[in-house]
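Participant: Let me give you the structure first, and then I'll get to my questions.
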Amino acid sequence: MVPIPFFTGPQVREAVSPELALEAVRHAFVAYARGESTMPPKVYVPAYPAGDFRAMPALGAGHALLKWVTSFPGNAAAGLPTVTGLVLLSDASNGMLEAVLDAGAITALRTGAAAVLAAETLGRADAEAAAVIGAGVNGEAAARTFVARGRRVLLWDIDGARAAAVAERIGAESASSREEAFAADLLVTVTPGREIVLGEGSLRPGQHASLMGADGPGKAEIAVEELARVHVFCDDWEQASHNGDLMHAVEAGVVTRDDVSQLGDVLIDTADGRTSDVDITIFDSTGLAIQDLAIALAAMERATELELPTIAL
């Protein structure tokens, strides 16, 4: 039997700092935009209204990955994690399994990294405060990443006590009101995606919003009318136009492929980013397996330094 290292959630977080995660995710977007990695479509297994299961494969940098992960937003009320699952990392040259990692920690790190990467890439150069809407695991990860980048961060959640507790733990600030949070130059929404948080006309000139919560069929964080009037970017057009906020605007006929740029294309300068200081930009994120692969590989670089349990196969 071959011992396979297993990264628990705390060990994933010990191995990969928020700043390391951001750079890993940046590299993943660039590699994907250059055609150096591949990512078959994400498979959803609906278990609605409670939640869903997802199978996410990717291939790149000499490795293959499969993430089996859940999203059950109501779990928090029962004291259970919203996101659970496993990431399997294999050697692409021989198919051998190299590691098993906690999917919740991988997902949080890459979600926070992608939110902040998009905000820094598409936001104004003079942007100051950032705000994160939603103080769950992934919202906390986004706020942590902003803090690690040295930015002032406001945190707002419908549960004010939770927002205050998370803010104190990570060195952010609890917003005094919803209005204060939504006025920030850089906005990240990490909600269950069950209701619109950005209605028509809600974003002001020069503002940026990374929409991280509407990552599956039927979810939305922004009104179709608001999407129609702003400059839209996404992580991957094929995925976002079928499973993200973009899906609703595409179905309504107000946004087409020509209206949307992928973040990776902006990073390699084959697409324009922000066009002016008054441009309103949004990033529609549905979560990509190439991001999970990047975080898993970053964790593997620290494997020999950690006391990891093993699974015998």
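A short reminder: the numbers here are calculations on the coordinates, not readings from a lab. Note that the structure is a prediction, hence the values are computed from the model and not measured. A quick note on method: Cβ atoms are made from the backbone with ideal geometry, for glycine too, and the neighbour counts reach across all protein chains shown.
Participant: If you take every DSSP beta bridge fully contained in the chain, what fraction is antiparallel? Give it as a percent rounded to 5. Working shown, then result.
Facilitator: On the way: 31 of 59 bridges.
Given both bridge residues lie in the chain, the antiparallel proportion sits at roughly 55 percent.
Participant: Output the relative contact order of the stretch 115-286, whole-number percent, from Cα pairs under 8 angstrom with separation of 6+ residues.
Facilitator: Numbers: 375 pairs, mean separation 40.2, N = 172.
Relative contact order, the stretch 115-286: 23 percent.
Participant: When the dipole is taken about the Cα centre of the stretch 115-286, and only Lys, Arg (+1) and Asp, Glu (-1) are charged at their Cβ, what size is it in debye, to the nearest 20? Before the final figure, lay out each step's value.
Facilitator: Numbers: 14 positive and 30 negative charges, 111 e Å.
That gives the stretch 115-286 a dipole magnitude of about 540 debye.
Participant: Roughly how many debye, to the nearest 20, is the charge dipole of the chain about its Cα centre, given +1 on each Lys and Arg Cβ, -1 on each Asp and Glu Cβ, and no other charges? All intermediate terms of the calculation are to be shown ahead of the outcome.
Facilitator: Working: 22 positive and 42 negative charges, 114 e Å.
Using Cβ point charges on Lys, Arg, Asp and Glu, the chain gives about 540 debye.
Participant: Here's another thing I want to ask about it. Exposure proxy check: V147, V153 ranked by fewest other beta carbons within 10 Å? Mind dumping the intermediate values first?
Facilitator: Values: V147 18, V153 26.
Ordered from fewest to most neighbouring Cβ atoms within 10 Å, V147, V153 come out as V147, V153.
Participant: Next question. What order do you get for I280, I106 when you list them from fewest to most C-beta neighbours inside 10 Å?
Facilitator: Values: I280 17, I106 32.
In order of increasing Cβ crowding within 10 Å: I280, I106.
Participant: Can you compute log10 of I(q)/I(0) for the stretch 115-286 with the Debye formula, treating each Cα as one identical point scatterer, at q = 0.09, 0.13, 0.17 Å⁻¹?
Facilitator: -0.26, -0.56, -0.97
Participant: Charges on Cβ only, +1 for Lys and Arg, -1 for Asp and Glu, centred on the Cα centroid of the stretch 201-271; of G213, V224, S241, which one is farthest towards the dipole's positive end?
Facilitator: So the residue furthest toward the plus end is V224.
Participant: Which order do peptides 73-83, 253-263, 282-292, 24-34 fall in by mean Cβ count within 10 Å, highest first? Let's see the in-between values first.
Facilitator: On the way: 73-83: 13.3, 253-263: 16.0, 282-292: 27.7, 24-34: 22.1.
Highest mean packing first, the order is 282-292, 24-34, 253-263, 73-83.
Participant: Next up: Work out Dmax and Rg for the stretch 35-175 from the C-alpha atoms and quote the Rg first, both in angstrom.
Facilitator: 17.2, 51
Participant: How would you rank L293, L117, L20, going from fewest to most other Cβ atoms within 10 Å of each one's own Cβ?
Facilitator: Working: L293 31, L117 25, L20 19.
With the fewest neighbours first, L293, L117, L20 line up as L20, L117, L293.
Participant: Any idea how far the Cα center of the stretch 216-231 sits from the one of the stretch 240-313, in Å?
Facilitator: If you average the Cα positions of each part, the centres end up 17 Å apart.
Participant: Further question: Quick one: Cα centre-to-centre distance for the stretch 50-75 and the stretch 12-44, in angstrom?
Facilitator: If we compute the Cα centre of each part, the gap is 13 Å.
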